[in-house]
Structure formats: C-alpha cells, structure tokens
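One structure is given below, encoded as structure tokens.
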Amino acid sequence: QHLYALLARPVVADHGRAPVAAFDADGTLWSGDAFGALGAELVRRGLVDREACERVEVEYGRSQGEERRKWLLESLALFRGLSAEDLVDAGEEAWGRGDGATGLGATLRPEMSDLVNRLRSGGWRVLIVTASPAEAVLRGAQELGIPEGDVLGVRLEFDPAGRATGLPAPSMPLTWCEGKAAALDAYGVVGGRLCLAVGNSMDDVPMLRRAQAGILCVPRGSTKEDRWTGEAEGAQRLARVAAEEGFWLHEATQGREEYLRLAAEAEASCES
C-alpha cells in the first residue's frame with residue numbers, strides 16, 4: 001500500500017510539465033541482473049570469455065564505492081569489438097522471447113510493472129536509470145511501455161566502424177551512483193520535476209535524495225536477519241538508510257511466480 005499511497009497525493013511539478021519517476025532496473029524493476037543475463041547470452045554465442053565475465057560479475061556484486069566503479073568499467077571492456085546489433089540482439093534473447101516465462105523477463109516484478117503502468121496512465125514520465133548497458137535493458141523497457149529515449153543506461157563508445165571500444169561514451173555521465181543524478185540533470189530533469197525515485201542499493205541513494213519521494217527495494221523477509229557482508233544491496237543496511245533518509249522500504253517479490261503465490265495465499269486467507 002505504500003507504493004500506491006503516492007498515487008493519491010497531489011503531484012507538484014515545475015512549470016506544469018509532467019512529473020517524472022526514475023526507476024533503477026536490476027533488483028528494482030526486476031529481481032534479476034541484466035548485465036549477468038546479457039553476459040551469459042554473449043558467452044553462449046562465443047562473443048565473450050566466460051571466465052572473465054563471471055569474474056567481473058562476482059567482483060562487482062561484492063564490492064562497493066570506488067572499487068565497484070572499477071569493476072563496472074571492467075564490465076564494459078568485455079564488450080570490446082562487439083557491435084550495437086550484437087548487444088541488442090543478445091539482450092532480446094536474454095530477456096526471454098515469447099511469453100517472458102523464462103530468462104530475465106521471468107524476474108519482472110508485477111507490483112513494479114503495475115506501478116509503472118499506473119504512473120504512466122496518470123500522466124507521469126517514467127525513466128529507467130541504470131548502471132547496466134542500455135542495450136541490456138531495452139527489451140525490459142519495451143515490456144513496460146518505456147521508450148528507448150527514456151532509458152538512461154551506460155552508453156558504450158563505438159568506433160567509426162561501429163564496434164564497441166570497451167569504454168563508456170564520453171558524451172553522457174556514467175549512470176552509476178552520483179552519475180545517476182548527473183544523468184538526470186543532463187536529461188533536463190531538474191528542480192521539482194523528479195517526484196519519485198526507486199532503487200535497491202546504496203548506489204541509488206544519490207538519485208533518491210533528488211526526488212520528492214524515494215523507495216528502496218529489498219527482497220521479502222530479508223530485513224529479518226543481517227545479510228550485509230559488504231555489498232551495496234545489504235538488506236539491513238538499506239533498512240537503516242531508508243529510516244534515516246525518510247525513504248519508503250518495499251519488500252519486493254522475486255518475480256511473477258512469487259507474486260502469484262502470495263496473491264493466492266492472500267485470497268485463500270480472505271476466504272477462510
């Protein structure tokens with residue numbers, strides 16, 4: 001109910017323009033990891049080295065601060081020599097074709113999809129602001145009705161031949177941590193237009209601080225024990241930050257399967 005309480009509040013936006021909601025992608029809109037899914041598909045196609053991809057994924061997941069930034073840049077180096085078409089096509093396959101019952105699409109959180117739909121129906125502009133490569137999340141954005149131009153992901157630099165250099169494009173801020181807030185500034189989301197921001201890690205806190213309301217997502221039940229071993233997504237750490245900063249804390253589902261199970265349990269409880 002906390003998620004939907006915002007919809008009943010009067011929305012204040014600058015100069016009558018549409019209010020903006022900014023969502024992180026991995027661990028927020030869906031419980032899966034777009035980079036991991038994209039990397040696995042590229043490995044399957046023989047375009048990326050498996051060992052290097054797995055190492056980056058592990059090290060990025062357990063690091064934080066500047067160490068995490070280093071591994072983010074290392075992840076981009078894996079794509080050196082690939083074309084944008086290679087990345088977009090692999091991202092499509094990683095999401096899962098057809099009904100979305102497999103792949104990254106299976107981890108799309110129905111409550112987040114519903115919130116995005118309600119916001120868009122109410123006239124809000126919804127952005128995805130993610131540290132994953134934009135190509136990795138375009139299919140998920142499409143599923144949510146968010147146009148490609150409203151996906152603020154890490155933009156790769158391409159050489160004149162159309163091949164990735166393994167570096168971020170210098171024309172846009174690196175959409176990680178403070179860079180997420182900087183990307184919103186570059187996109188023109190300034191002043192009071194950012195009415196809602198939703199994330200799942202300490203890396204999202206700078207973006208949430210810019211918004212009139214912020215939501216931090218953690219897996220259901222994870223705040224009952226201390227799982228923080230240094231990761232930026234540690235549940236109890238996020239619960240403390242949410243309380244200190246005045247953010248809402250949302251215990252999120254893992255995807256469609258858990259959401260349907262919980263809905264069935266709730267219905268059975270009401271009937272009894």
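Values quoted throughout were computed directly from the atomic coordinates according to the rules given, and no laboratory measurement underlies them. Keep in mind that what you see is a predicted model, and the values were worked out from it rather than measured. Backbone-built Cβ (ideal geometry, glycine too); neighbour counts: all protein chains shown.
What FRET efficiency comes out for the pair Arg220/Ala161, r = Cβ-Cβ distance, R0 = 41 Å, nearest 0.05? Plugging the Cβ-Cβ distance into 1/(1 + (r/R0)^6) gives 0.30. Close amide H partners of Leu167, meaning residues 5 or more places away or on another chain with modelled amide H under 5 Å apart, are Glu157.
Computed from label points 7 Å out along Cα-Cβ, the spacing between Glu251 and Asn117 is 2.5 nm.
Net length available on complete extension from Arg50 to Ala84 is 10.2 nm, with 0.36 nm assigned per residue and the Cα-Cα distance removed.
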